[in-house]
1. Below 19 Å, Cα to Cα, which lysines can residue 1057 reach? Residues fewer than 8 away in the same chain don't count.
2. Just subtract the alpha-carbon distance of residue 815 and residue 519 from 0.36 nm times their residue separation and send over the number in nm, one decimal.
3. Counting other beta carbons within 10 Å of each residue's own, what order do 679, 160, 691 fall into, fewest first?
4. What FRET efficiency would be calculated for the residue pair residue 548, residue 915, taking the C-beta separation as r and a Förster radius of 60 Å, to the nearest 0.05?
5. Provide the FRET efficiency to the nearest 0.05 for the residue 1072-residue 746 pair, computing r from the beta carbons and using R0 = 30 Å.
6. Can you tell me the length gained on complete extension of the stretch residue 453 to residue 626, counting 0.36 nm per residue apart and subtracting the Cα distance?
7. Compute the relative contact order of the range 509-613 as a whole-number percentage, counting only Cα pairs closer than 8 Å that sit 6 or more residues apart in sequence.
8. Please name whichever of 265, 207, 230 sits farthest to the positive end of the charge dipole of the range 165-268, dipole taken about the Cα centre and charges placed at Cβ: Lys and Arg +1, Asp and Glu -1.
Amino acid sequence: LWANYLGVQFKEVSNETLGAADFGIVTGEVQAVNATVSSSLDAIAGPAPNSPNTVNGVPEYLAVMNAQVYANESLYGGPWFTAAMQQIGRLLGLGYDAEGPPGTIMGLGGNDPATGAAAEPVYPGNTDILHGQSIYTPQSDNVDMYQFTLHSAGQFSAETIAQRGLFDVITVPSTTSTGAVGAGVVDGSTFTVSDGTQTLTFEFAANGRAAAAGHNAIAYNTTDTAQVVAADIAKAIDGAANATGLNVSAGAYANQVDLSGPVTVTPLDKSFNVIAVPSTAGVVGTAVVDGSTFSISDATHNLTFEFAANGRTVTDGNVPIAYNSTDSAATVAGDIVSAVNTAAAKAGLNALASVFQNQVEITGPVTVTPATANLNSITVPSATGPVGNAVVDGSIFSVSNGTQSITFEFAANGRTVTDGNVPIAYNTTDTGQVVANDIANAVTTAAANAGMQLVVTVQSNVVDVSGPVTVTPSGSQGQVSYALQVSQVAYSQSSDQVLYSKQPSQLNSVLTLYSQSNVIQVVEPQTPTSGVGGGVDTGTFTLNDGTHPQITFEFTANGRQAAAGNVAIDFSTGDSAHQVAVDVANAINAQAKATGLDVTATVAFDQVVLSGPVTVTHNTVSGVTYSVSRQIISRNDDYYGNDSLLQMQLAPGTYYLAVSSTGNTQFNPAVPGSGYGGTTQGPYQLKLDFTRAASGTLTDLNGNPLVGNSDGTSGGAYNFWFDVGNTIFVDKTAVGQQSGPLGSVTNPYTTISAALQVAADRIIAPAGGAANLDGQTFVVNDGQNAPVTFEFAADGRQVTDGNVAVNFNSGAGGLPDTATQVAQGIVSAIQDEVALGALSNSVSPVANGNVIDVSGAAFVDAQGSPALMASPKIVRVLGTAGPDNSIGVPVGTTVATTSGTGNITINNTSKPTFQITSGSLTATFEFVTSGSAGSKLADGNYAVVVPLGAQAQAIATAMAAAINASPLSTAAGGAVVASVSTNAMAYTGPAAWWISLTGSGQLVINAQGTPALSAVSNAQAYQIGTSQFGGTPLADGATMNIPQDVTLMVDAGAVFKLEGANISAGVNAPNIDRSQSALQVLGTPTSSVYFTSFHDPSVGSVTDTVTPPSPGETSTTHG
């Protein structure tokens, strides 16, 4: 609770030893903190007694709840909890607030004066929060700066959308006095980031080490600060996300990494083994016992490592850790790492060792087990002189490993030893060094014979016996001395100190937009009346807008000529700085007008301010300075809640957009790290949009602006939105055996009415699944019973009286329901109402993924559920296999050299053409007066040979001959065959001779290159309306009323034949809501969509062979 209100992060540590954390919360004796307080005091907070550690020089603290007072109290919601909350407040720096209002933790302020009720200060009150926030005020200094350049004017908008709810946070610790991460970040430790679709593994890789195969490396150095490592983490995550499409974005703020996106972060390999190497006076000496061992094992491997000092050979089968007793602890730690990593790689042991100072960290699913490591020293007197009686003949000592024991006896001058003892044969005249070697030989030989593991070394008159053994003297030993030293190498387990947590987003963002201007300043002379002098002369600067050729300007004093290619800025050395600035602006603006360079220069005193997307490069002269200026042109805080929005018209130029926290607005946009005072933090999305200003207006032949927005007035902008979503296909030509589900592109409906009925009864669970569904409703009407209203109910919530619950999991207690699970819940709820008789048995809901088809319903009304309405439903009417398959040459058309009505004009400047596309092959045909039919011309076109004066039938015959001789007639071209009609026929216009085309592929004709020609389609027509014979509905329905939330998209090439039809979109009927429906007609310049009379034979397949069309036949269309 304190963390939630103050933004303070708490981390629980596993070590329960007092002093292991910043502070502890315990139940015990209050006098442990302060011996002078009463033993009956409820609770106390203060410095922990005998704290072994400090944090940043500050002793750790302890909150103690008196065990005598709270022995039988619950830890939750009772007096113990209240006291603990108060003591945590004290540890956070809050004092007792005796004057605080009732209900405050720090005041425990008595009864409520309004009601007399006793206060139960379970949560921090407003006063507590206010005081705490004054101590722990967030100081966000981060500013994200985005630069963009516009090369044209237009409408610009920017919007921040902060991630709400919990987001993942990775906090990097500092574990050294210098601020370095040190061992706080464990080399080789890993974590995963998953967005539900893919999971990536990230591995900390220290000091240049390569990460494991398949892992994304976070490259860092152990000497880096926590802030640097946090930036390394964010860089690695963003880089991997860009490469793989992982739906996550990372931002580093101080030592914290915030992750935005629908992701889960899971730390792995948090625990690791630690080997700490000791040192005495800077060297390891005997603190590391020569011959001591430890093993590393996983499920399938076990390796034994042996310390081998000063070049000694290790026991067979052991891995040597070669070191010198004069080495430092850090050097020996490095030797351990080298030995472990080399042996592990060779054996396939899943372990990785890294070093930080004198500490070795071993990560991986392994166990490190040290063997007992004793250093037993036997010192013989008289190193260089005879031992004489200093060694007692017959004295004994034993060497034992806990299981075996060997007894050694000193035997002087050839004496025989007691049975069972191992003799150490020596002479009393021998030196101590010789006797030491005798001891070593005897112990080594006997141990080898007995299979006892130990290491014996001799240095002068000292024998060291190391290993899991103990040397024990017995009886009088004279001057021979025995000593025991235990290895000081420490073995332990620890945990990575990188903190992985989830935090609530509290970001309250501010958007600030800056314009950037280049400034050229002419230096004002010290004596203004003297003029600028010659310091400006020979200065040059170059302007580049990235689009036009760059221009270099040169200051030329007193009539001097500029260098070749430069634009002169003529001035007199006696001119004032302002006058020279005017000269500069005039030269720039003149060149901008002449060349289109995207820049405007204005004068302010002695400065020339350049607006536009230009960069300035220059040489250095004493009389002119160049700089960049950024000015705030717009700022917004809290347009939508805590999010911000900017919208404004912008001219061409370079701009900077800053995103910062509320309170952080006094930063310098040109100085990194200059922000301060922000009070919130968290991830966000930045949405940018720019609409270029119109550069011209479409007009008709008379120059009148076209009507763009259907308001009846010339001009206006035509805005059109295309929906993308669940699509039901209709194709009039779909015949024979089809494949795939009904309504798919491979198995389409053949009538529009059938497709619209399915769309009307279709429910699509939103892609977001359970998000934002709670409380929304939809209605199912079977046309017989009262309509049934269904209400989405999260986590078992009770619904409004009379409504039927569609239960789903919101994710409050686990994972939220997916769209498919929501769909199943809808089906179950409807089926239950059918079973109860509230809906007819004809109503049958079936789910396929997140799509539910409710067959048998009169209609489904989803207006009460914005989430359902936001899922587009599209009925797409295909172009009815309606290729353009006829070209008409109107009667009266003539080939001539001059233009005229109905003429095909052929001369040096006019080359009339038409195009035919068959599949992927497009052929362009060109009318010429001589040559071979279908031959390829120099420009790549195919010849249609027609003599001057040729009439319509001859022209049509020549066109067919050219087509049949072109590559279109080959198999690769679709085997197109062109034939000419036997007589002239009138279809869409005057009577014409028609060239009909057949082929194996889709055909498209473009006759725009020859206006005298016309192309029509014989596509199969969709039929809407009522037959004049018997009043029966036509094939595609009596009407075409587009249902609620359905978009009917009509593809190019479709033909509609209408007979008393009514077409409506967005028009409601009694008890029928058709809101948010739309009709989109997608004709193209080369392939129209036709709405014509049922009796019209001129376009599309002939639907009426009895009644000819009458002039003015119409149907009605509404929208």
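Readers should treat all values here as calculations from the given coordinates under stated rules, not as data from a laboratory. This structure is a prediction, so every number in the text was calculated from the model and none was measured. FYI the Cβ positions are ideal-geometry reconstructions off the backbone, even for glycines, and counts take in every protein chain you see.
1. 732
2. Extra length from residue 815 to residue 519 when fully extended: 100.8 nm.
3. Ranking 679, 160, 691 by Cβ neighbours within 10 Å, fewest first, gives 691, 679, 160.
4. 0.95
5. 0.40
6. Working: separation 173, 0.36 × 173 = 62.28 nm, distance 8.10 nm.
Taking residue 453 through residue 626 to full extension adds about 54.2 nm, to one decimal.
7. In percent, rounded to a whole number, it is 29.
8. Highest projection toward the positive end goes to 207.
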